[in-house]
1. Within region 32-74, count every residue that is touching a helix residue (DSSP H, G or I) at 6+ places or on another chain (Cβ under 7 Å), closer than 22 Å to LEU121 by Cα and open to solvent by less than 50 Å² (accessible area, probe 1.4 Å).
2. Taking the residues in region 233-249 that are open to solvent by less than 20 Å² (accessible area, probe 1.4 Å) and either over 14 Å from ASP144 (Cα atoms) or hydrophobic (A, V, I, L, M, F, W, C) (or both) as candidates, determine which candidate is modelled with the lowest pLDDT.
3. Kindly evaluate LEU82 against the criterion of being in a helix (DSSP H, G or I), open to solvent by 10 Å² or more (accessible area, probe 1.4 Å), hydrophobic (A, V, I, L, M, F, W, C) and touching a Ser or Thr at 6+ places or on another chain (Cβ under 9 Å).
4. In region 102-140, what count of residues is obtained for those that are outside any helix (DSSP H, G or I) and surrounded by fewer than 18 Cβ atoms within 10 Å (Cβ to Cβ)?
5. Condition first: at pLDDT 85 or above and open to solvent by less than 50 Å² (accessible area, probe 1.4 Å). Now tell me which residues in region 141-166 satisfy that.
6. Take the residues in region 79-98 that are at pLDDT 95 or above and among the small types (Gly, Ala, Ser); name whichever of them is farthest from ALA35 (Cα to Cα).
7. How many residues are in contact (Cβ under 8 Å) with a residue 12 or more places away in the chain and more than 20 Å from the chain's Cα centre (by Cα) when one looks only at region 151-176?
8. Among (1) at pLDDT below 90; (2) under 27 Å from ALA116 (Cβ atoms); (3) surrounded by fewer than 21 Cβ atoms within 10 Å (Cβ to Cβ), which single condition is THR200 missing?
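The values are calculated or read from the model by the stated rules, or taken from the named source; none is laboratory data. Note that the structure is a prediction, hence the values are computed from the model and not measured. We place every Cβ from the backbone using ideal geometry, glycine too, and count neighbours over all the protein chains shown. Note: areas computed on protein heavy atoms with side chains; ligands, DNA, RNA excluded. Shrake-Rupley method; radii C 1.70, N 1.55, O 1.52, S 1.80 Å.
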Amino acid sequence: MAIGTGLILLGMVIGSLIVNPLAFVAVLALFVVIALVELLTVLRDRGFRPAVPVVYLAAAILVLGAWRAGTAALSLGILVALLAAFGWYLLDRNRAQVASNVAITVFACVYVPFTAAHLVLVVRETPHYVWAVIGYGLLVSCYDTFAYAVGSTLGRRMLAPNVSPSKSVEGAVGATVATLAFGAFVLPLAAPWTLASGLTLAVLTCIIAPIGDLAESMLKRDLAVKDMGFLLPGHGGFLDRIDAMLLVAPVLYYVLALYGGGR
């Protein structure tokens, strides 16, 4: 079931990229909504009161606006999230713990739609966006896969025992070697990747991907939940599957910008 679910999601991403950029933006918007539903549900179940309409408004500005206006939509989306959150609680006569709830609202906007919107910028500004996005996805998956495979077979020393006891130093080392090899030998097989840009993304992925994974584990431990949701058969939470990809998405955009976007 887990394999089947993964293949369906992969097919949606690759299929939309091949069809046209707008199809990919639509699929990405769907994924963002699913992830936000999970995140906001868990937060509300744990006693927080995020301004849910504000989060979805900011998400629309960030993801859809990135296609229309580029990077300007990102700063606009965060500004709207902050101002609208303050306005929301000003009008809420039952407001309580305003500082915490404003922070939670803005956090939800930054964590999911803001990071994901960088993928919209990639397909908007990169001529060879298909392999740019697929390569990024495969690179992050490579790290996750080898971290699990090596860690489950050779893992002895825990990487962050107070956050995620299943993560091991050996798994991180094995994942790093595999990811660097992928960035050096597989990514440069097609534009927009070169050896330099592929290795740069690989190095940064080896740093950011485990941070994304451990950050999600830290949040779940703090919120006392095993999974962020149950929407994916065989996987648990959708947000659990894309935590590393969310944080690496801005890195992808800026690495491509650094190396000229494949132009």
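1. 15
2. Filtering region 233-249 down to residues open to solvent by less than 20 Å² (accessible area, probe 1.4 Å) leaves 236-240, 243-244, 246, 248-249.
Retained after the next criterion (residues that are either over 14 Å from ASP144 (Cα atoms) or hydrophobic (A, V, I, L, M, F, W, C) (or both)): 236-239, 244, 246, 248-249.
Values: GLY236: 63, GLY237: 77, PHE238: 84, LEU239: 87, ALA244: 90, LEU246: 95, VAL248: 97, ALA249: 97.
Filtering first and then ranking leaves GLY236.
3. Details: in a helix (DSSP H, G or I): yes; open to solvent by 10 Å² or more (accessible area, probe 1.4 Å): yes; hydrophobic (A, V, I, L, M, F, W, C): yes; touching a Ser or Thr at 6+ places or on another chain (Cβ under 9 Å): yes.
Yes.
4. Taking region 102-140 as the starting set, the residues that turn out to be outside any helix (DSSP H, G or I) are 126-128.
When the remaining residues are screened for being surrounded by fewer than 18 Cβ atoms within 10 Å (Cβ to Cβ), the result is 127-128.
The total comes to 2.
5. SER141, CYS142, TYR143, ALA147, ALA149, VAL150, GLY151
6. GLY87
7. As a first pass, look at region 151-176 and keep what is in contact (Cβ under 8 Å) with a residue 12 or more places away in the chain: 151-152, 154-157, 159-160, 163-164, 166-176.
Filter again for more than 20 Å from the chain's Cα centre (by Cα), leaving 151-152, 154-157, 159-160, 166, 168-171, 173-174.
The total comes to 15.
8. The number of the failed condition is (1).
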